[in-house]
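Okay, structure first, notes after.
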Amino acid sequence: MFERAPRVLFEVVDGQAVLLDAAGTRLITLNRTGSLVWDALEQPIDFSAVVDRVAGQVDADRDVLIGDIGRFLGELEEVGLVLHDHARRNA
């Protein structure tokens, strides 16, 4: 399961999310697809459900989406904006 990290501030402007980490040190602007992923993380959700939600809203090959979303979630997890089950167990 993936979920937004607590205390991450965000605003959606013209369909694009802008994220600010809890420490206020990282400001990240997401493109449309990234914003769709962020929206899907409103509640804890498994990876395949994230892919399903995004796939229903963009015109892209599913295999490409799987790779892109997986990398993107890994990057967000690495900078502390997203939590994944294994990260919480090891924390």
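The values are calculated or read from the model by the stated rules, or taken from the named source; none is laboratory data. Here the structure is a predicted model, which means the values were calculated and not measured. No Cβ is skipped: glycine too gets one built from the backbone with ideal geometry, and neighbour counts run over all protein chains shown.
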Of residues in region 12-26 being of a type in the set (Val, Ile, Thr) and part of a strand (DSSP E or B), the one nearest to the chain's Cα centre (by Cα): Val18
If we scan region 28-46, do we find a residue that is more than 20 Å from Arg7 (Cα to Cα) and touching a Lys or Arg at 6+ places or on another chain (Cβ under 6 Å)? no
Pairs with Cβ under 7 Å, 6+ apart, first in region 37-55 and modelled with pLDDT of 95 or more, second of a type in the set (D, E, K, R) and surrounded by 14 or more Cβ atoms within 10 Å (Cβ to Cβ): Ala40/Arg53; Leu41/Glu3; Leu41/Arg4; Pro44/Glu3
Of the candidates Leu73, Leu30, the one satisfying the condition of being buried (at least 16 other Cβ atoms within 10 Å of the Cβ) and touching a residue at least 60 places away in the same chain (Cβ under 8 Å) is Leu73
